[in-house]
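Below you'll find the structure, written out as structure tokens, and then a few comments.
The values are calculated or read from the model by the stated rules, or taken from the named source; none is laboratory data. Computed from a predicted structure; not experimentally measured. Every residue, glycine among them, receives a Cβ derived from its backbone with ideal geometry; neighbour counts consider all protein chains shown. With ligands, DNA and RNA removed, areas are computed over all heavy atoms of the protein, side chains included. Shrake-Rupley method; radii C 1.70, N 1.55, O 1.52, S 1.80 Å.
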Amino acid sequence: MNDLIEPNVARMSFGLPEVSAWAKFSNDFNPIHFDPHYARSAGLGGLVVHGMLALLPVKAALVDAAHDSGAPRSRWMKFRALFRSPVPHESSSEMTYRDAKGQGLDFRVHAADTGQERFRGSWGPAADQGAWLDSHPLDRQTFSVVEAAEAERFRSVYPHVRPGWIALDAIVFSDFIRTKLKTLSRAAQRERAGTATPEGKEVLMQASHTVLVDTQELGGPGPLPFDCGELSYAMAAPEMVTSQGGIAGSVSLAVTRREKLVMLVEIGLLARTATD
């Protein structure tokens, strides 16, 4: 396998139509994506793209590149992305990826004009995660069903996104934003209590995104090669710590099929204070 693999997605750009479509699907109407003044008050230079939206073409490109290049694979595969700088509206980004010393592919996305790194990560084999539920017991009452209507909604907006685990990742993340984000906000507020922080509104931003997927269960070629009625997910207790940039935290979302773990999503978040 060549050290440098030419990217399937040479350039990508996201404008207001794409950002609005993702916000409508995910219910993520964070003002940093729509209100320039608010975005600047949060320490950003202007409007920024949702991290999950920017990752959609990257995931698909990595899967295709790994298949075409004969990169190593296993039943459990891991996608990992670390956000380094925001992706501005209407800006052009370039993507490159390399052989990760026989362990899959490493990728980098950077600004096409300045070369500034925006996010980086990898796609490659992972250890079997089948025992994760045994060491992370979850209250069965907290499991949320993956609604077929949400799957159809995703397919109507992104009909060409494949393989199926990419769609499932987006669907679960969307439900997390709609139904469970307040839990993260309360955890951040509890962590912040008693600390000296500037007054203002709290802004939650994604810092990293990791997906461990059982490709035998979810690796079919179609956009949704699974029965949503068999899938549910639960959120593990979030972990929050005070950092120099605000409140850093992470949360794990366990997706099960007939009570068997088939995907694990780990989301890194940073809570910052937006001031006027």
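Inspect all residues belonging to segment 236-246 and state whether any of them is in a strand (DSSP E or B), surrounded by 15 or more Cβ atoms within 10 Å (Cβ to Cβ) and either at pLDDT 90 or above or acidic (Asp, Glu) (or both). No, because not a single residue in segment 236-246 is in a strand (DSSP E or B), surrounded by 15 or more Cβ atoms within 10 Å (Cβ to Cβ) and either at pLDDT 90 or above or acidic (Asp, Glu) (or both).
Any residue in segment 77-94 that is in a helix (DSSP H, G or I) and open to solvent by 60 Å² or more (accessible area, probe 1.4 Å)?
Within segment 77-94 (the criterion being in a helix (DSSP H, G or I) and open to solvent by 60 Å² or more (accessible area, probe 1.4 Å)), the answer is no, since none of the residues qualifies.
Please pick out the residue among Ala71, Ala39 that is without any contact (Cβ under 8 Å) to a residue 12 or more places away in the chain, over 25 Å from Tyr158 (Cα atoms) and crowded, with 19+ Cβ neighbours inside 10 Å.
Working: Ala71 fails: without any contact (Cβ under 8 Å) to a residue 12 or more places away in the chain.
Sole residue among the options that is without any contact (Cβ under 8 Å) to a residue 12 or more places away in the chain, over 25 Å from Tyr158 (Cα atoms) and crowded, with 19+ Cβ neighbours inside 10 Å: Ala39.
Would a scan of segment 263-276 turn up a residue that is acidic (Asp, Glu), modelled with pLDDT under 90 and either open to solvent by less than 40 Å² (accessible area, probe 1.4 Å) or over 17 Å from Phe143 (Cβ atoms) (or both)? The answer is yes, given that some residue of segment 263-276 is acidic (Asp, Glu), modelled with pLDDT under 90 and either open to solvent by less than 40 Å² (accessible area, probe 1.4 Å) or over 17 Å from Phe143 (Cβ atoms) (or both).
Restricting segment 138-162 to residues that are out of contact with any strand residue (DSSP E or B) (no Cβ under 9 Å at 6 or more places or on another chain) and part of a loop (DSSP other than H, G, I, E, B), the residue that is farthest from Leu62 (Cα to Cα) is Glu147.
Among the residues that make up segment 58-67, is at least one of them of a type in the set (Lys, Arg) and open to solvent by less than 30 Å² (accessible area, probe 1.4 Å)? Yes, because at least one residue in segment 58-67 is of a type in the set (Lys, Arg) and open to solvent by less than 30 Å² (accessible area, probe 1.4 Å).
Go through segment 42-57 residue by residue and tally those that are open to solvent by 30 Å² or more (accessible area, probe 1.4 Å) and farther than 18 Å from Ala271 by Cβ.
Of all residues in segment 42-57, those open to solvent by 30 Å² or more (accessible area, probe 1.4 Å) come to 43, 45, 47, 57.
With the extra rule that they be farther than 18 Å from Ala271 by Cβ, the set shrinks to 45, 47, 57.
The qualifying residues number 3.
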